[in-house]
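The values are calculated or read from the model by the stated rules, or taken from the named source; none is laboratory data. Remember, predicted model here, so these are calculated numbers, not experimental data. Cβ coordinates were reconstructed from backbone atoms using ideal geometry, including for glycine residues, and neighbour counts include every protein chain displayed.
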Amino acid sequence: MNSELKEAILALEKEKNISSGTLFEAIENALMTACKSHFGKAENIKVKIDRDSFDYSCYAEKQVVETPEDVMDDLEDIAYEDAVKIDPTVNVGDIVCVDIDSRGFGRIATQIAKNVIMQKIREEERSVIYDYYINKQKDIITGIVQRYIGKNISVNLGKADGMLNEKEQVPGEELLPLDRIKVFVLEVRSTNRGPRILVSRTHPDLVRRLFEQEVAEVKDGVIDIMSIAREPGSRTKIAVRSNDANVDPIGACVGSNGVRVNNIVDELKGEKIDIVVWDENPGNFIQNALSPANVVAVFADPEEKTAKVVVPDYQLSLAIGKEGQNARLAARLTGYKIDIKSETQAKDAPGFRYTDYIDDEDEYDEEEYDGEPVEETDGEYTGLNPEDSADLSEEEPVSGEEMPEAGSDTAEDREETVSEEAISEENISEENISEENISEEDISEEDISGEEISVEDISED
């Protein structure tokens with residue numbers, strides 16, 4: 001057993017995380033390259049390494065010829081008398097394996113073999129690192145700030161360095177060397193000098209991954225994060241929904257005394273986070289997205305992806321937000337173009353009133369109504385004579401204040417509702433008023449003056 005080779009392979013496998021099979025292939029290729037450098041060609045040379053004993057062998061396959069004079073190439077031919085010393089059973093024309101002592105190679109061949117092995121190790125190491133970080137793409141990873149390269153920042157990610165470009169840095173955030181930060185892996189590229197890793201601190205999915213790490217319900221799928229709108233360094237809005245009726249999505253994300261969301265805010269250096277409930281109804285979703293402002297009405301058009309929102313006058317500035325931030329984030333969160341007006345502004349603005357959405361064909365048109373006239377029969381109105389209707393139309397309308405109360409039979413009530421001008425001697429005939437209709441209890445001398453009703457007007461029956 002070659003103990004030195006075994007120790008070297010096991011150490012590289014552990015340190016570089018390179019498989020032993022890859023190292024065996026590298027050594028075999030290195031020996032083949034050394035043989036080609038030493039002999040000038042290596043078409044018939046074979047190298048084998050025992051994976052168990054770590055012993056290796058290098059030999060050339062030569063054809064047996066009858067006499068030494070028939071040997072045309074020492075690397076390819078061997079005389080019969082020399083071949084039987086290696087294998088007594090061989091015959092002329094057979095192939096015999098002749099060992100090659102690699103220790104006899106020159107310095108140049110040895111150096112070439114070493115370079116081949118080192119190059120293979122470096123390539124495999126880069127491949128291992130690339131495979132590791134390609135699995136981390138679109139995920140977050142913890143790194144340590146190394147140094148500034150111009151306006152970019154080099155971040156040590158453990159096995160490799162990542163690059164935090166200027167446009168992926170949070171405005172106003174100051175990062176110092178040796179600061180430990182969490183970054184979002186944007187892209188991993190394979191280059192000749194190793195993997196190139198691009199990271200970000202401004203990507204919206206950075207917030208998503210932080211919630212997955214901090215909130216167990218989000219990681220387990222009990223709560224889904226439906227959408228995220230973010231202005232890095234200032235404010236973030238996220239819409240969540242619960243797949244379990246017994247789990248409050250906002251309460252689970254906030255945590256006891258706000259401990260969960262506060263941990264995320266601390267990681268984002270004080271960036272504010274608004275958590276709202278996602279809703280299938282666009283109107284409800286837009287109303288939630290505009291929180292903390294109260295909303296009076298929402299008119300959403302799912303086809304055009306536009307929405308008109310009415311808010312109280314005193315909350316217009318709150319709904320729009322500082323420099324329009326609240327409305328901007330709500331629009332990104334919902335995917336709707338939102339137009340916000342106050343109640344006073346909405347009165348004169350088309351599209352912001354309920355009446356703008358009522359179909360004119362459904363409105364009642366009195367001119368087009370051809371219904372039957374109504375008259376009173378046994379307490380039910382079934383029709384009305386045209387002559388009576390004409391008489392009624394000529395009379396002056398009586399307002400609600402002049403209508404008598406039901407069940408009022410006193411002379412004072414009638415006196416309030418019927419003025420002296422409304423009753424004349426011509427309106428009261430002998431046929432209409434009899435002694436039965438006017439009793440002494442109902443009408444007193446004070447109620448009916450002599451000027452209004454004379455004795456001749458009321459005849460005895």
(message) Going through Lys85, Lys36, Lys41, Lys48 one at a time, which residue ends up being in a helix (DSSP H, G or I) and either within 60 Å of the chain's Cα centre (by Cα) or within 23 Å of Gln111 (Cβ to Cβ) (or both)?
(response) Lys36
(request) Answer yes or no as to whether Lys136 is over 30 Å from Ser256 (Cβ atoms) and out of contact with any Gly (no Cβ under 6 Å at 6 or more places or on another chain). (result) yes
(message) Being β-branched (Val, Ile, Thr) and closer than 20 Å to Ile340 by Cβ is the filter here; which residues of region 232-276 pass it?
(response) Val276
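Residues checked against (1) of a type in the set (A, V, I, L, M); (2) in contact with a helix residue (DSSP H, G or I) (Cβ under 9 Å, 6 or more places away or on another chain); (3) not assigned by TED's automatic domain parsing to the domain that holds Ile286:
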position: Val298; (1), (2), (3): yes, yes, no
position: Ser317; (1), (2), (3): no, no, no
position: Gln325; (1), (2), (3): no, no, no
position: Tyr336; (1), (2), (3): no, yes, no
(request) Looking only at region 91-111, decide whether some residue is crowded, with 19+ Cβ neighbours inside 10 Å, touching a helix residue (DSSP H, G or I) at 6+ places or on another chain (Cβ under 6 Å) and closer than 30 Å to Ile129 by Cα. (result) no
(request) State yes or no: is Lys167 within 30 Å of the chain's Cα centre (by Cα) and basic (Lys, Arg)? (result) yes
(message) Suppose we filter Ile286, Ile340, Ile273 for residues that are touching a Ser or Thr at 6+ places or on another chain (Cβ under 9 Å) and outside any helix (DSSP H, G or I); which single one remains?
(response) Ile273
(request) Taking only region 270-308 into account, find how many residues are under 30 Å from Arg201 (Cα atoms) and either surrounded by 15 or more Cβ atoms within 10 Å (Cβ to Cβ) or hydrophobic (A, V, I, L, M, F, W, C) (or both). (result) 16
(request) Could you tell me which residue of region 112-149 is surrounded by the most Cβ atoms within 10 Å (Cβ to Cβ), considering only residues that are in contact with a Pro (Cβ under 8 Å, 6 or more places away or on another chain) and basic (Lys, Arg)? (result) Arg126
(request) Considering only region 234-248, state which residues are of a type outside the set (Lys, Arg), crowded, with 18+ Cβ neighbours inside 10 Å and closer than 25 Å to Pro171 by Cα. (result) Thr236, Ile238, Ala239
(message) Six or more apart or on different chains, Cβ atoms under 6 Å: show the pairs whose first residue is in region 182-204 and in contact (Cβ under 8 Å) with a residue 60 or more places away in the chain and charged (D, E, K, R) and whose second is crowded, with 17+ Cβ neighbours inside 10 Å and in a strand (DSSP E or B).
(response) Lys182/Ile140
(request) Among residues belonging to region 1-33 that are at pLDDT below 80 and part of a helix (DSSP H, G or I), point out the one that is nearest to Cys58 (Cα to Cα). (result) Leu5
(request) Select from region 122-163 the residues that are in a strand (DSSP E or B), in contact (Cβ under 8 Å) with a residue 40 or more places away in the chain and not polar (S, T, N, Q) and list them in ascending order. (result) Ile140, Ile141, Gly143, Val155
(request) Could you pull out the residue among Ile238, Ile264, Ile250 that is touching a strand residue (DSSP E or B) at 6+ places or on another chain (Cβ under 9 Å), assigned to a strand (DSSP E or B), closer than 17 Å to Phe211 by Cβ and not assigned by TED's automatic domain parsing to the domain that holds Ile338? (result) Ile238
